[in-house]
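The values are calculated or read from the model by the stated rules, or taken from the named source; none is laboratory data. In this text, all values refer to a predicted model and were calculated from it rather than measured experimentally. Cβ atoms come from the backbone with ideal geometry, glycine included; neighbour counts cover every protein chain shown. The protein model used for the area step is the full one, side chains on, heavy atoms only, and it has no ligands, DNA or RNA in it. Shrake-Rupley method; radii C 1.70, N 1.55, O 1.52, S 1.80 Å.
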Amino acid sequence: MSDVGSAIEFDHVPCPFCGLLCDDLKVVRTRVTLKVARNGCSKAIAGFERVLPTASPQIGGRNVRLNEAVAEAASMIRKSSSPLYGGLATDVGGMRSVMSLADHSRGVVDHAFSESVGFNMKVLQSAGWIMSTLTETRNRADVVVIVGSDVHTLHPRFFERIVCAETSMFDKANKPRTVVFVGEGLDQSAATGPRVGDVITLPCALDRVDEVVSALLARMRGNPVAGDSVAGVPLLAIEDVGKKLNDADYSVLVWAPAGLQTHDSDLTIHAVSDVVRLLNKTTRAAGLSLGGDEGATTSTSVCGWQSGFPTRVSYATGAPDYDPLANAIPNRLASNEADLLVWIASYSPDLVPPDTGLPTIVLGPPGMNLPGSPAVFIPVGTPGIDHSGQLIRCDSVVSLPLRNLGRSNNPSVASVLSAIEAAL
Ligand code: SF4
C-alpha cells in the first residue's frame, strides 16, 4: 500500500467477485472511490468501481440506528419457529456466524447457488472424483478440455492466468497446450497466444454436450456407438479427442456447474469424471470445477466443516439434517414450511431475495436492488473492499485473505449476525 497524493494505491489485491480469486490486482482509492488500475476484468471493474450510495439501517423502510435494527431482527428471529437463512453471499467469518445463528434458532441454511453446487455434490457423494487445482492445471496440463460451459464469460481471467500463462513451474519448454471446446457458441477468444497450440471444437448444442461426453467415454472404453455422428458431431472427431486425451501426460477437463445447460447436469459431470477415472489407468488426468461466485465455495466449505454436510442443512431438530430437496429455500417457500427469511448478500446488489410474502430481514450492500422495503434492512460491507476477511477459492484448496481497502465503514456480516445472536 502506498500514498500517492490524495490517492492510496493497493497492490496484490485479491478480487472477491468470482471464484478464481485472482490476487494480483492493483486498486487505487481516492477518498471513497475505487479504481482498478491493473489486472481487472469486466466483473472486477464493475464490483470494485461501483459507486456506493449512502444507506441506513431500516425497519419497514424507516431509517433507524444499527442497534435498533439489530434488536428488531433478533426479536423476529426469536419469535420464528422456522427461519430460513438464504443468499449466504459472505466470507468465512460471515458464514461461521450464519451457522452459529442457524444452530441457535433452529433454522435452515441454503446458499443462492446451492442448486448448481449440488450437481457436483451428487457426483462427489455417489461416485467420488479426481480433481485438479488452478495451480496444478496452470503448471502441468498439456490438454485442457472445456466442457459445455462458457468459462471465459463466467471467469474472464481463467484463460489468461491458467491456460495461457507464459511460464509453468515444471515444464522448462513451456510447450503449447491443446485446448478442446465441447459445445458450440462458447467464447473461444481467450484461447490464444504462445501457450495455446491446437484449438479443437466439438460443435454440439449445449444441451446435448452430455451425449458427446457419453460417446467419448464409450469409445475410450472400446464400446460401440451407433451411427457416424453424435449430436451433430462426427464420431471420428470425438474419437480423435479421445486419442489426444490418452496421449496426454496430464489432461484437465474443466466445467462450471452454473454454466452447464444439459438437462441432468450431474450426469454430465458424472460422465466427465468417468473419463478422468478411465484415463488414470494409463496416464494422469483430472477434473476442474469452476464457479464459487458470491461466496458459494466458502459457504459450502464452512457448512461442511461446521455441520458435516454441504448447504441445505436444517437445524430444526437441534442436530444438522442434510436434505438437498426439502431444505431448498424455493421448496420451503412453495410448501409454506417457513415463517421468516433472513437474506444475506454482501457482494452484488443484484442478489436479491426470492419473491415471498414472508417477513424478510436483509443484510445487503447499500443500493441493493430490492423491489420493496423488507421488514429489516441492514447495509453491510463487501469483504475485500470495506473490511478484511477470507474467501475459499473455487478449487476448494486455498483460502485467501481479503484486504480492507477502506471504502466505507459498513459493518461485516459476521459482526451484524453476532450482534443479532447475542441479542436473542
Ligand atoms: S476473473 Fe474473477 S477473480 Fe479474477 S479479476 Fe475477474 S472477477 Fe475477479
(Q) What's the total number of residues in region 98-148 that are in contact with a helix residue (DSSP H, G or I) (Cβ under 7 Å, 6 or more places away or on another chain) and free of Cβ contacts under 8 Å to residues at least 40 places away in the same chain? (A) 1
Q: Counting only residues that are within 16 Å of the ligand (Cβ to nearest atom) and surrounded by fewer than 16 Cβ atoms within 10 Å (Cβ to Cβ), give me the helices (runs of 4 or more DSSP H) lying completely in region 1-117 with at least 2 of them.
A: 42-48
Q) Of all residues in region 189-200 being modelled with pLDDT of 95 or more and either aliphatic (A, V, I, L, M) or surrounded by 17 or more Cβ atoms within 10 Å (Cβ to Cβ) (or both), which is nearest to THR167 (Cα to Cα)? A) VAL196
Q) Is it true that some residue in region 181-193 is touching a Lys or Arg at 6+ places or on another chain (Cβ under 8 Å) and in the same structural domain as GLY287 (by TED's automatic domain parsing)? A) no
Q. On the given criteria, is THR262 within 30 Å of SER348 (Cβ to Cβ), open to solvent by less than 20 Å² (accessible area, probe 1.4 Å) and modelled with pLDDT under 95?
A. yes
Q | Boolean, GLU184 is touching a strand residue (DSSP E or B) at 6+ places or on another chain (Cβ under 8 Å) and in contact (Cβ under 8 Å) with a residue 60 or more places away in the chain | A | no
Q: Scan region 150-193 for residues that are away from the ligand (no atom under 16 Å from the Cβ) and among the basic types (Lys, Arg) and jot them down.
A: LYS172, LYS175, ARG177
Q. Condition test on ALA74, is it more than 21 Å from THR298 (Cβ to Cβ) and either modelled with pLDDT of 95 or more or not β-branched (Val, Ile, Thr) (or both)?
A. yes
Q) Looking at this structure, is LEU340 touching a Ser or Thr at 6+ places or on another chain (Cβ under 7 Å) and open to solvent by 10 Å² or more (accessible area, probe 1.4 Å)? A) no
Q) List, please: which pairs have Cβ atoms under 6 Å, are six or more places apart or on different chains, and start with a residue in region 40-60 that is over 15 Å from SER346 (Cα atoms) and end with one that is among the basic types (Lys, Arg)? A) CYS41/ARG157
Q) How many of the residues in region 234-256 are farther than 16 Å from PRO203 by Cα, buried (at least 16 other Cβ atoms within 10 Å of the Cβ) and in contact with an Asp or Glu (Cβ under 9 Å, 6 or more places away or on another chain)? A) 6
Q.
Regarding region 78-94, can at least one residue be identified that is under 30 Å from CYS18 (Cα atoms), touching a helix residue (DSSP H, G or I) at 6+ places or on another chain (Cβ under 8 Å) and β-branched (Val, Ile, Thr)?
A. yes
Q) Do the conditions hold for ARG177, that is, is it open to solvent by less than 10 Å² (accessible area, probe 1.4 Å) and over 20 Å from the mean Cα position of the chain (by Cα)? A) yes
